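Notes for the one structure printed next.
We did not get these values from a lab; they are worked out from the coordinates using the rules stated. Please read all numbers here as calculations on a predicted model, not as lab measurements. Neighbour counts run over all protein chains shown; Cβ positions are idealised from the backbone, glycine included.
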Amino acid sequence: MFFSVEDNIISLFTSLSFNNQFIKALPADVDETNQPRQVHNAAYSWVKPTSVVKPKLIAVSQNVAGILGFLPSELTHYEFAEVFTGNKLLAGMQPFAMCYGGHQFGHWAGQLGDGRAINLGEVQTKNHGLQMLQLKGAGRTPYSRTADGLAVLRSSIREFLCSEAMYHLGIPTTRALSLCLTGEQVTRDMFYDGYPKLELGAVVCRVSSSFLRFGSFQLPAARKDLSLLKQLVDYAIRTDFSRLLDENSGVYDANLYLKWFAEVSERTCSLIVHWLRVGFVHGVMNTDNMSIIGETIDYGPYGWIDNFDIHWTPNTTDAQGKRYCFGAQAEIGQWNLFQLANAIFPLINDAEPLNKILNEYAENYQRQWCLMMAKKLGFAHYQGESDQQLFVDLEVLLSSIETDMTVFYRQLAKFEIKKAPVQEQDWLPILTAAIYNSAVLSLTLKEQWSQWFTRYSERCQQDEHSTVDKITLMNNTNPKFVLRNYLAQQAIEAAEQGDYSEIEKLQKILQNPYNEQEHYQAYAQKRPEWARNKAGCSALSCSS
Ligand code: AMP
Ligand code: MG
């Protein structure tokens, strides 16, 4: 790729050192025009970000900046926003968009690709290997199809805040370095009702060691381009799964590919168990939104469970089918892995071991879910079937009337375990704090809850954990603060009026989601009634 004077390359932020391995290792699109098209025999296309009129930095993650090696003074440099909206390139950056396909809502969609994401280059970090910088919303690429390549402030705030919140919850995720306004307006039909509006344009700089998706492997497989498929798989293994390659004595063979698939399967499973632990619903688990390294990726119409409901989906496009609702995520993970298995089959040519791994996913998920639930309830160990029954019965009760998931588990740590029979006054305040409308708590339900708390109390009494250990484990497993949909929406509405203080505040609170942070009590409350059916708080469209 050739750069010209108008590429606006600047020699700034020299503390960052670029080492662009992806483009070195994989084939580039020979066509360098920025026109929508099918791209064959290539993992990516060269494309430059589109210039914007007035970049302005409105939020930055100090933690990510630190990982990348920025000096504190560089974050306040007036050129920072120019670079992280794509107006200027740093020496060493070589921008490109990745080519991938995917299944969308169960149907093969063919080529998709980075329609509005532009990778800038890989930063060599001190402790986190190579980290790719990627601008989301930086203009059209050969993969934009008929769309504009842009992103609006509303969805960019949601991506910025949620990816950082997810990281601090201890859940694998792409990160976000910065959030900038472009100074331009973008047209969006937020409700898909034929009334488009002008919104503020924005760009988030995302960061990950890999932006490869299941769909990155599916596309060459669907096109029977085995050479590209193998190059991509080998590259993914070499860079993000190098331990497997070492264990296989550096040999790329069917055995290695199977071990790799088993690890992708394990990472996917454990990611989804994390989501279920904290009440996260991704909302669009299409195979192009499934990270090959098992990170949460592509924050679109995601949502957080307020009242516990396994059928809840925040995505209006999915309101009927509920394909990606809270409780379906583990199964969808397996469905997506099945598509990945199909894609890599030509490298293995044996369906049986692939099927075995897919079946193990289901068992693994059951096991991991039970271990996770045991932690949520504060147990030292998972004790098998009777514990599982306790978990299942709890979820039935939580669903029976609107009960806030996050508040409930946090309250549960306050339930006092004692030898005496459990009385209503021991558990009712705990439950009441989490219930949306306590008037609907019938006598029958009270009786059922009473029985459940009695069983829970008995189980805790024979557990090895001391009370202190139990409470510590519960409060390290059950977050007090999550990015409730209405909280994000409030920050968005303020930011659209030019007030970015809520973004900063949420960023700060969500850095310590398991801590009490008494002074931020207001951010750990049940969803207020006004937010129940408000757009952005209860349901979101894919429009972003
Ligand atoms: P998503 O549903 O966000 O995962 O996007 C699916 C596909 O549409 C991906 O290839 C995206 O890059 C592309 N896409 C989404 N929004 C836009 C946009 N505004 N401009 C161009 N491409 C987009
Ligand atoms: Mg996507």
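Could you grab the relative contact order for the stretch 9-214? Cα pairs under 8 Å, six or more apart, rounded to a whole percent.
On the way: 475 pairs, mean separation 49.5, N = 206.
So the answer I get is 24 percent.
Where nothing but the Cβ of Lys and Arg (+1) and of Asp and Glu (-1) is charged, how large is the charge dipole of the stretch 265-390 around its Cα centre, in debye to the nearest 20? Can you show the working numbers first?
Details: 8 positive and 14 negative charges, 48 e Å.
My answer is approximately 240 debye.
When the Kirkwood radius is taken over all Cα pairs of the stretch 382-462, what Stokes-Einstein diffusion coefficient follows at 37 °C and 0.692 mPa s, in µm²/s?
Numbers: Rh = 13.0 Å.
The Stokes-Einstein estimate is 252 µm²/s.
Is the C-alpha gyration tensor of the stretch 9-214 telling us rounded, prolate or oblate? Criteria: a/c under 1.5 is rounded; beyond that, a/b larger than b/c is prolate, otherwise oblate.
The shape class here is rounded.
If I fit a long axis through the Cα atoms of helix 226-240 and take the longest principal axis of the Cα atoms of the chain, what angle between them do I get, 0 to 90°, rounded to 10?
Long axis of 226-240 versus the principal axis of the chain: about 60 degrees.
Is there a quick way to get the dipole size of the chain? I mean about its Cα centre, with the Cβ of Lys and Arg at +1 and of Asp and Glu at -1; what is the value in debye to the nearest 20? Present the calculation step by step, with values, prior to reporting the outcome.
Values: 48 positive and 58 negative charges, 75 e Å.
Dipole size: approximately 360 debye.
Nearest 10 degrees, 0 to 90: what angle lies between the long axis of helix 467-477 and the longest principal axis of the chain (Cα atoms)?
The angle comes out at about 30 degrees.
In percent, what relative contact order does the stretch 382-462 have, based on Cα pairs under 8 Å that are 6 or more apart in sequence? Numbers along the way, then the final one.
Numbers: 54 pairs, mean separation 32.1, N = 81.
So the answer I get is 40 percent.
Measure off 7 Å from each Cα along the Cα-to-Cβ vector at Ser386 and Asn359, then give the distance between these two points in nanometres to one decimal.
3.1 nm
Could you list which residues have their amide H under 5 Å from that of Ile58, counting only those 5 or more apart in sequence or on another chain, with H placed in the peptide plane?
Leu179, Cys180, Leu181
Taking a ≥ b ≥ c as the square roots of the Cα gyration tensor eigenvalues, with a/c under 1.5 meaning rounded and otherwise prolate when a/b beats b/c, else oblate, which class fits the chain?
Numbers: a/c = 1.91, a/b = 1.42, b/c = 1.34.
Prolate is the answer for the chain, as a/c is 1.5 or above and a/b outweighs b/c.
Which angle between 0 and 90 degrees, to the nearest 10, do you get for helix 351-376 versus the longest principal axis of the chain when only C-alpha atoms count?
It works out to around 50 degrees.
Can you give the Rg/Rh ratio of the stretch 47-154, where Rg is from the C-alpha atoms and Rh is the Kirkwood radius? Don't skip to the end; give the middle numbers.
Numbers: Rg = 15.3 Å, Rh = 15.2 Å.
Result: Rg/Rh = 1.01.
Take the residue pairs Lys48/Lys505; Lys230/Lys259; Lys375/Lys505; Lys419/Lys470; Lys48/Lys197 and return only those whose Cα atoms are more than 22 Å apart.
Numbers: Lys48/Lys505 34 Å; Lys230/Lys259 15 Å; Lys375/Lys505 29 Å; Lys419/Lys470 16 Å; Lys48/Lys197 27 Å.
Table pairs above 22 Å Cα-Cα are Lys48/Lys505; Lys375/Lys505; Lys48/Lys197.
Using only Cα atoms, locate the centre of the stretch 154-210 and the centre of the stretch 67-133, then give the distance between them in Å, rounded to an integer.
About 14 Å separates the Cα centre of the stretch 154-210 from the one of the stretch 67-133.
What 222 nm value per residue comes from the helices of the chain, counting each DSSP H run with n ≥ 4 as -39,500 (n - 2.57) and dividing by all residues, nearest 500 deg cm²/dmol? All intermediate terms of the calculation are to be shown ahead of the outcome.
Values: 18 runs with 223 residues, N = 544.
After summing the helix terms and dividing by residue count, I get -13000 deg cm²/dmol.
Set Lys and Arg Cβ to +1 and Asp and Glu Cβ to -1, take the dipole of the stretch 4-133 about its Cα centre, and tell me which of Ile10, Leu57, Gln38 lies farthest positive.
Towards the positive end, the residue furthest out is Leu57.
Between Gln517 and Gln425, what is the FRET efficiency for a Förster distance of 25 Å, r being their Cβ-Cβ separation, to the nearest 0.05?
0.35
How high is the relative contact order of the chain? Use alpha-carbon pairs under 8 Å, at least six apart in sequence, and give a whole percent.
Values: 1046 pairs, mean separation 76.3, N = 544.
The value is 14 percent.
State, to one decimal in nm, how far the label point of Gln448 lies from the label point of Leu371, with both points 7 Å from Cα in the Cβ direction.
3.1 nm
Using the Cα centre as the reference, give the magnitude of the dipole from point charges on the C-beta atoms of the stretch 342-400 (Lys, Arg: +1; Asp, Glu: -1; all else neutral), rounded to the nearest 20 debye.
Values: 4 positive and 8 negative charges, 48 e Å.
Approximately 220 debye in magnitude.
Please report the base-10 log of the normalised intensity I(q)/I(0) for the stretch 228-374, using a Debye sum with one equal scatterer per alpha carbon and no solvent, at each q in 0.13, 0.14, 0.20 (1/Å).
-0.61, -0.69, -1.21
Can you pull out the chymotrypsin sites (Phe, Trp or Tyr not before Pro) in the stretch 1-108 that DSSP calls coil and that have at most 11 other Cβ atoms within 10 Å?
Details: sites: Phe2, Phe3, Phe13, Phe18, Phe22, Tyr44, Trp46, Phe70, Tyr78, Phe80, Phe84, Phe96, Tyr100, Phe105, Trp108; in loops: Phe2, Phe3, Phe13, Phe70, Tyr78, Phe84, Tyr100, Phe105.
Of the chymotrypsin sites (Phe, Trp or Tyr not before Pro), the ones in loops of the stretch 1-108 whose Cβ has at most 11 other Cβ atoms within 10 Å are Phe2, Tyr78.
For the stretch 431-544, build the convex hull from the C-alpha positions and give me its volume per residue in Å³. Display every interim value, and only then the final one.
Details: hull volume 17.6 nm³, N = 114.
Dividing the Cα hull volume of the stretch 431-544 by its residue count gives 154 Å³.
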